[in-house]
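First up is the structure itself, then whatever we jot down about it.
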C-alpha cells in the first residue's frame with residue numbers, strides 16, 4: 001500500500017523568513033518542493049534557492065528543487081513579435097509554445 005501524505009501549497013509572497021518558517025512549522029511541514037523555474041528573488045533574497053534550502057535545513061525541512069521538471073518557462077523578452085497580441089504565437093500568460101518553436 002502506498003503511504004498517504006497531505007499536500008499543501010504555499011506562496012512566499014513577501015513574507016519575512018521567520019514568518020514563513022513559522023507557517024511551515026505550524027502545519028508540520030517536513031518537505032518543500034520548489035517548482036519555480038527561476039528560484040531566485042531579488043525582492044526577498046531569503047527565498048532564493050540557496051538561502052531557502054539552508055533556512056529550511058536549519059528547521060529540519062527538506063528542500064526539493066523541481067523547477068526543471070515542473071516549473072513554467074518564461075517567454076522571450078525584447079522581441080516586438082512576442083509583445084504584440086496579434087502576432088504572438090501563443091496566448092499571453094501561457095507558457096505553451098508550438099513544438100517547432102521550443103528550444
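FYI, it's all coordinate maths here, none of it is from the lab. All values derive from a computational prediction rather than experimental measurement. Cβ placement follows ideal geometry from the backbone for every residue including glycine, while neighbour counts extend to all protein chains displayed.
Side notes on the structure shown:
- Candidates 66, 56, 15 - the one that is touching a strand residue (DSSP E or B) at 6+ places or on another chain (Cβ under 8 Å) and buried (at least 16 other Cβ atoms within 10 Å of the Cβ): 56
- Within segment 46-70, restricting attention to residues that are over 18 Å from residue 18 (Cβ atoms) and not in a helix (DSSP H, G or I), the residue that is farthest from the chain's Cα centre (by Cα) is 62.
- Residue in segment 24-34 that is in contact with a helix residue (DSSP H, G or I) (Cβ under 6 Å, 6 or more places away or on another chain) and assigned to a loop (DSSP other than H, G, I, E, B) present: no
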